[in-house]
Structures are given as C-alpha cells and as structure tokens.
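Heads up, the thing below is written out as structure tokens.
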C-alpha cells in the first residue's frame, strides 16, 4: 500500500480502535503529533511504534518541534531556544552561529529519531519583519541571505541525524500581522518585492536539496486570488518551475481560518491537492477528518508517492544509545553555553 495524501492528528497518548481503523484508510499517509499526544519519551516512542506498525510502508509521523515557543515535546527532551537566537549570534560570529545551527539541527532531529518520529516541520524560512506575532522569534533573521545561510547549516545537522527538512511558510508569512490560524491573512506587496526578498531563502534551500516545503495560508492579492497553499501559480509556476523544487509540498493545517476561503474541509483538500500539494493536513477536528475520509476523491499520484517515501526517517537509534553518545552530551553542552540564560528561562 502506498502512502495516501492525508496527514491526520490523533486524540491522545494511545491510539483508539477508531483511530487505528482511520489510519489504515488508503487515503491516509501520515500522522502529526502534538503536546496532547506526549507524556514522556517512553510513551511517545510506544505511540510512534504503534502507528508505524499499522501499515507497510509505515505511515509518516511528524511533529512541529522547532524550538522556543513551538516545541511539542518538552519533559525528557532538550529545551531548544527560539531560532532567532542563532540570527543574533550570526551578527557577532558567523562561523560560530553556523556551527551551532548544525549542532542544534542534529540535536533536535536525533532526539526525535530516538523515539521514532520521522521528521519535524522545520526550519522556518520566513523573514522577521517585526510585524508578525505568530512568526516573531521563530524566524532566524530579517535578512534573507542570513536566513538561508543559517537554515542550510541547520538542515545539514538534521540530515546527519537521518531526518529530512521541511521549510515553511512559502513564499513568506513574516510581513503580515494577522495570524492565519485565526484570521484571513493578506499581504499586499508586489510579486517582485516578495520574490526578491521572502522567496530567497526558499530558492537557496531548494538548491541545497530541501526535501519538503509548507506553503502559507496567506493571500497575496496582487499576485494570485487564493492563499498560497491553494494557488497553482505559487506552487506550480513559482515553486516547481521557477525554483525547480522536486520535493514534497505539504499543506498547512486545512482547519486554519486562513484556509476557510477555499470552502468546506473536503473542498479545501481538493483545492490544495489540485494546486500542487502532495499531502494535506487536518490536525485537530476529528469530525473534519471523518468528512475527509468519507468525501475525498481518490488521489493517486505516483510522483507524490515517490516524494513522500523520501520523508521516512533514517539512522534508527535508541534513547539509551543516544544518551551514551559523547556527541549528544557535547551538543547539549555547546547549546547551553552559547544561548543566554535569559532566553532559555523563557522556554
């Protein structure tokens, strides 16, 4: 059985019988985990193993584990700093910042791989314009070349740990104040302004071999009438053709308010897939997930199947092996030494 185009959330610390049935549906290809799915490392490792055992090839298991405000697993995991701290360090010491980015990318990824998680939706490639509360210190920097440089090092670290990287939120969410989780977000800039700044980190990272990209639920009305995640122009003309991206395109959560302009949850899924997404996410509304499984037409794209298979995690490792590894101890020590205590105390 190939991986289907739906990535769904689950409700708790263990799978229910209904969720097991749901995840065996041929339209499903992955699961995204949240804080509600986490008690401790042993529990989440058992949950991931249970999910993986349902299908062959196994379902993708993902999580948002960026660091700072967006780190779903905390107790038992290293507390990662907001990624802006790497940008601050870059302004003082480029070499040290890139080394620490590589270290943090590896540390984040290897700790997740030690509980079986395939990948984290990271790094954030948005620019920090100082106006977006939902992006804010999740962004590395305002300068697109600096963002690309740090993100490249972070991705190299992830790859060493056996994890593919997913850049977000294409073509850029940092210049709009509204949070697309709860609002319709509009960015009135011209295509040239967006392409010459916000798109730059994505272009660089595509060149470096980025495996996945998540578009923004933001409308750029001077460019296209629909949010980027539902836009053939942004996904096919710009991302696939102009940038030459060959990896996976994941939608952002279809339940977000920024996606509501595309209609019902089933309409949203069809619109995103038709625009060029390979996999679409429904994260929290279990009624919506049932509607998707009942109402979606069959989506069978061999190219998507191939791309999605590349997102499976590699280099299996146990937590016991990880904690005995001097590289892990060194990485934790380097991070704690480099990141100011005032920053870490906010996590």
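Values in this text are rule-based calculations from the coordinates and carry no lab data. Here the structure is a predicted model, which is why all the values come from computation and not from measurement. Note that each Cβ is placed from the backbone with ideal geometry, even for glycine, and that neighbours are counted across all protein chains shown.
Worth pointing out:
- Remark on the range 1-88: Rg and Dmax equal 14.5, 48 Å (Cα only).
- Per-residue [θ]222 nm for the chain (sum of -39500 (n - 2.57) over DSSP H runs n ≥ 4, rounded to 500): -11000 deg cm²/dmol
- Residue of 158, 333, 279 that the Gaussian network model of the chain assigns the largest fluctuation, springs spanning Cα pairs under 10 Å: 333
- Start at zero, step by 10 Å, and the Cα-Cα distances of the range 57-153 spread as 16, 48, 29, 6, 0 percent across the bins.
- Förster-model FRET efficiency, 51 Å R0, residue 319 and residue 191, C-beta, rounded to 0.05: 0.60
- For the range 253-337, the calculated P(r), taken from all Cα-Cα distances in 10 Å bins from zero up to the bin holding the longest distance, is 14, 31, 19, 18, 18, 0 percent.
- Based on the Stokes-Einstein relation at 10 °C and a viscosity of 1.306 mPa s, and on the Kirkwood radius from alpha carbon pairs, the range 177-328 is assigned a translational diffusion coefficient of 94 µm²/s.
- Theoretical FRET efficiency, 1/(1+(r/R0)^6), r = Cβ-Cβ of residue 333 and residue 94, R0 30 Å, to 0.05: 0.90
- Here residue 182 and residue 236 are evaluated by their C-beta separation; at R0 = 30 Å the FRET efficiency comes out at 0.60.
- Here the extension length gained between residue 36 and residue 56 equals 4.6 nm, from 0.36 nm per residue of separation less the Cα-Cα distance.
- Relative to its residue count, the chain spans a Cα convex hull of 117 Å³ per residue.
- Spatial separation of Cα centroids for the range 211-246 and the range 168-198, in angstrom: 11 Å
- Taking every alpha-carbon pair under 8 Å whose residues sit at least 6 apart, the range 14-116 reaches a relative contact order of 25 percent.
- Linear extension gain, residue 303 paired with residue 1, 0.36 nm per residue minus alpha-carbon span: 107.2 nm
- Packing, taken as the mean count of other beta carbons within 10 Å per residue, orders the peptides 308-319, 66-77, 195-206 from highest to lowest as 195-206, 66-77, 308-319.
- Figure legend: label point modelled 7 angstrom from the Cα of residue 208 along Cα→Cβ; residues of the range 95-112 with amide N under 16 Å from it are 95-109.
- Sorted largest first, the principal axis extents computed over the alpha-carbon atoms of the range 21-70 equal 35, 21, 16 Å.
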